[in-house]
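Participant: The structure's right below; bear with me while I get my questions together.
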Amino acid sequence: MFRLHDVSYAYGGNRAGVAALSHISLDVAQGEFRWLLGPSGAGKSSLLSILSLEVQASAGMVEILGVPVMQARRSNLARLRRRIGTVWQDFRLLPDLSVFDNVALPLRLQHRAEDEIAHEVHAIMKWVGLENRLDARPLQLSGGEQQRVAIARAVIYRPALLLADEPTNALDERQAGRLMAMFHRLAELGTTIVVATHNDAIVEKYPAPAIELAHGHLVRDYR
Amino acid sequence: MVRRRYHDGLALHQALPGQFLPFLVAAMSFLAALALAGGIAAHGLSQRWTHGAGAVTTVQVPGPDDPAAGSGTRIAAVQDIVAHAPGVATAHRLSDAELRALLAPWIEQTGDASLPLPAVIEVHTVPGQDPMPPLLPRLEAVAPGVLVEHDSVWSDRLAALAASLQACALLAVLIVMTVAVCVAMAATRAGLQTRRQAIALIHSLGAMDSYIAGRFASRVGLLALVGGLGGSIAALPMLLAMSHLAAPFSAMTDAQAVAPMDWHSPRAWADIVPHALLWMLLALPPAAGITGWITTQLTVRAWLRRLP
C-alpha cells in the first residue's frame, strides 16, 4: 500500500534545513491499521505530510498505492491525492463555506453529481452526529464538532489510504470510541490507516501495530 | 433531497473583485483603440497618397491632333504607348470640359477662352511601380515636346511618414498590451495570495492545476472582456469625431472630400469610420478577454508549481 525506503526530510531544503526525518524505511500493506507514535517533535506530522503528498521527501524512495511519488507527473499526483484522505490536526476547514460545502468539497472536485453528493454528505454527517449543523459555518462550531467535520470530509470519498493527525484530540470518550470503531471497520474494508497520536490511553484501549518515531528516526516498527 | 448551490471554496468574487480589473482593462482598451485608430488613419492616408489622387502622373501632349512621327495623331500614339505599358493601371484622357474646369482659375485670369490647350492624360500606376521614366524616349519620339509630371517625391515622403506613424501606433499598442498583461498578472497574484489557504486545501484534496487555473482564468477573462467592452464603447464617440474631422483628408476623390454629411443618418456615420476601425473596435473586447485568460492561466500554473 505504501513503502518508504531510506527517506529523509528537512525543513527549508536538504542542505541548510532542519532535519525532521532521517533514513526512514517502512512497508505497510493494504487494510492495515497502524498507530504512529512518538513525542512532540518526533517527526510524526512530517511523515504524515510526506504520505499525504503535502511535501516531498528530501531523499529516499516513496511509493504510495503503487505510484513512485518522486518520479510521478503532477497530474498523477493530483489523481493520487484523490485516493488519500487526511485529517489534519488544525482541521483545515474553509471558514467561508458551510459545513455541507466543506464536507462535499472532495466529491465536487471529483465532479460527482449533486444528488449523489447530497446523499453522501447527509449519510456521513448523520454518522458523525452533525446532521443538524449542515448550514453552519465552521467558526460557529466547537473544536470537537470541527474535528468531526474534518473526519467526515476525509472519509466521505472512501480513500484507499487514510491519514489522521491526532484525530481524537478534541473528541470526548464516546466520540473517540465511535471514531476508532469506524477506523477499524474501514480497515476491514481494505483502507490502510495511519493515525498519529501521543495519547497513550487510547493506544492502550485500542491496541494495534505501531510505528514509533523519536527525533526523526524510526525507533520501532512492530506489528 | 435538497439541491445545493455549487461551492468549491475559491470564492473568486472576493479574490478578484469586479471593479478594479475591468476599470484598468477598459482604460488600456481605450488607449489601444486610440493607438490603433491612429495606425489605421495613417494607413488610410498612406493608401491615398501612394494609390489615390496623390499618385497620379499627368502626361501633357501639345498639339495633340498634329500627325505623329509614325502614323495617326500625336495624342493617339501617346495614348497607345501609355495604355499598353506595364505598370500602368489606368490611363484616362481628360475631356475638354474636365480640362477647362481644371484650368479655370488661370483661364479666367487671362480671359482668353480660345487659348490652345494641350491634351492631358491622367495616368494611375500600379502601386510600387514607376513605369513612366522608361517610356519617355518613346513618347518623345512620337510626340516631341511631351511633358510628364509626377509628384512621386512628395507622395513617397508622405508614405514614409505614414509608415512611421503606423510603426509608432503599433509600438503604442504593444506597450498597452504589455501593461494590460502586467495588470492581469498582478491582479491574479493578489487573488492567489488572498485565497492561498483555500487553494492549498483543494490542491491537497486532488484538484488538478488545470482546474484551479481554469477557474481563475475564467474569472479574469470575463472581467477583461467586460473591461474591453467598456473601453471600446468609451472610445467610439471620440473615434467617430476624429473620423469625421479626418474624412476630407482620407477621401479618394475631391468630390468625396467636399461632399456634405447627413448628420442624422447612421449610415453616413458608419461610412466615415474606416471599416478596419469598426472591426478593430469589435475585436478589442474578445482580444482583451483572451489576453486576460492566457495571462491568468500561465500565472496560476506558475504559482501552483510552488506546491508539491
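Just so you know, all these numbers are worked out from the coordinates, no wet-lab data involved. As the structure is a computational prediction, the values presented were derived from the model and not from experiment. Here Cβ is always computed from backbone atoms with ideal geometry, including for glycine, and neighbour counts include all displayed protein chains.
Participant: At 7 Å along the Cα-to-beta-carbon direction for both B:Val126 and B:Ala241, put a label point, then send me their distance in nm to one decimal.
Facilitator: It is 4.5 nm.
Participant: Label region B:63-145 by shape, choosing from rounded, prolate and oblate, from the square roots a ≥ b ≥ c of the eigenvalues of the Cα gyration tensor; if a/c is under 1.5 it is rounded, and otherwise prolate applies when a/b is larger than b/c, oblate when it is not.
Facilitator: The shape class here is oblate.
Participant: Once you charge only the Cβ atoms, +1 for Lys and Arg and -1 for Asp and Glu, what is the size of the charge dipole of the protein assembly as shown about its Cα centre, to the nearest 20 debye?
Facilitator: 2960 debye
Participant: Next up: When Cβ neighbours within 10 Å are restricted to other protein chains, what is their mean count per residue of peptide A:115-122?
Facilitator: That average works out to 2.
Participant: If packing is taken as the mean number of other Cβ atoms within 10 Å per residue, what is the order of A:80-92, B:29-41, A:193-205, highest first?
Facilitator: B:29-41, A:80-92, A:193-205
Participant: Select from A:Leu130, A:Leu97, B:Ala83 the residue farthest towards the positive end of the dipole of the protein assembly as shown; place +1 on Cβ of Lys and Arg, -1 on Cβ of Asp and Glu, and compute about the Cα centre.
Facilitator: A:Leu130
Participant: Further question: Using only Cα atoms, figure out Rg for region B:75-212 and give it as a multiple of 2.2 N^0.38 Å.
Facilitator: On the way: Rg = 32.3 Å, N = 138, 2.2 N^0.38 = 14.3 Å.
Working it through for region B:75-212, the quotient is 2.26.
Participant: Whole angstrom only: what separates the Cα centroid of region B:15-94 from the Cα centroid of region A:1-71?
Facilitator: Measuring centre to centre over Cα atoms gives 75 Å.
Participant: Does chain A classify as rounded, prolate or oblate by the C-alpha gyration tensor (a ≥ b ≥ c root eigenvalues; a/c under 1.5 gives rounded; else a/b over b/c gives prolate, otherwise oblate)? All intermediate terms of the calculation are to be shown ahead of the outcome.
Facilitator: On the way: a/c = 1.74, a/b = 1.41, b/c = 1.23.
Taking the square roots of the gyration eigenvalues as a ≥ b ≥ c, chain A is prolate.
Participant: Something else now. Using a 10 Å cut-off around each Cβ of peptide A:78-91, what is the average number of partner chain Cβ atoms that fall inside?
Facilitator: Mean shielding count: 2.
Participant: Let me ask something else about it. What nm distance separates the two modelled labels at A:Glu204 and B:Gln193, each placed 7 Å from Cα along Cα→Cβ?
Facilitator: 5.2 nm
Participant: Same structure again: Quote the charge dipole size of chain A about the Cα centre in Debye, to the nearest 20; the model charges only the Cβ of Lys and Arg (+1) and of Asp and Glu (-1). It would help to have the intermediate numbers written out before the result.
Facilitator: Details: 25 positive and 24 negative charges, 99 e Å.
Here the size comes out at about 480 debye.
Participant: Highest first, please rank the peptides B:222-228, B:78-84 by the mean number of other Cβ atoms sitting within 10 Å of their residues.
Facilitator: Top to bottom by mean Cβ count within 10 Å: B:222-228, B:78-84.
Participant: Over all residues in A:95-101, what is the mean tally of Cβ atoms on other chains that come within 10 Å of each residue's Cβ?
Facilitator: 4
Participant: In vacuo Debye scattering of the protein assembly as shown, one point per C-alpha: log10 I(q)/I(0) at q = 0.06 Å⁻¹?
Facilitator: -0.54
Participant: Another one. Specify whether the C-alpha gyration tensor of region A:1-76 places it in the rounded, prolate or oblate class, a ≥ b ≥ c being the square roots of the eigenvalues: rounded for a/c under 1.5, otherwise prolate if a/b is larger than b/c and oblate if not.
Facilitator: oblate
Participant: Over chain A, calculate the relative contact order: mean separation of alpha carbon pairs under 8 Å at least 6 apart, over the residue count, as a percent. Provide the component values of the computation, followed by the final result.
Facilitator: Numbers: 400 pairs, mean separation 69.8, N = 223.
Result for chain A is 31 percent.
Participant: Continuing with the same structure: Just in region A:1-43: which trypsin sites (Lys or Arg not before Pro) are loop by DSSP and have at most 16 other Cβ atoms within 10 Å?
Facilitator: Passing sites in region A:1-43 are A:Arg15.
Participant: In whole Hz and in residue order, list the ³J(HN,Hα) couplings for region B:85-100 that follow from phi through the Karplus curve 6.51 cos²θ - 1.76 cosθ + 1.60, θ = phi - 60°; x for Gly and Pro.
Facilitator: Ordered by residue, 3J(HN,Hα) equals 6, x, x, 9, 7, 9, 9, 10, 7, 5, 6, 4, 5, 4, 5, 5 Hz.
Participant: Assuming R0 = 22 Å, can you tell me the calculated FRET efficiency for the pair A:Asp115 and A:His184, based on Cβ-Cβ distance, to the nearest 0.05?
Facilitator: That gives a FRET efficiency of 0.10.
Participant: Now a separate question. Determine, from the Cβ-Cβ distance of A:Ser8 and B:Leu174 and an R0 of 41 Å, the FRET efficiency 1/(1 + (r/R0)^6), rounded to the nearest 0.05. Spell out each step's value before the answer.
Facilitator: Numbers: r = 50 Å, r/R0 = 1.21.
In this case the efficiency is close to 0.25.
Participant: Can you give the helix-only mean residue ellipticity at 222 nm for chain A, where every DSSP H stretch with n ≥ 4 adds -39500 (n - 2.57) and the sum goes over all residues, rounded to the nearest 500 deg cm²/dmol?
Facilitator: -10500 deg cm²/dmol
Participant: Could the peptides A:128-135, B:282-289 be put in order, highest first, of the mean number of other beta-carbon atoms found within 10 Å of their residues? All intermediate terms of the calculation are to be shown ahead of the outcome.
Facilitator: Values: A:128-135: 15.9, B:282-289: 19.2.
My ranking of the peptides, most packed first, is B:282-289, A:128-135.
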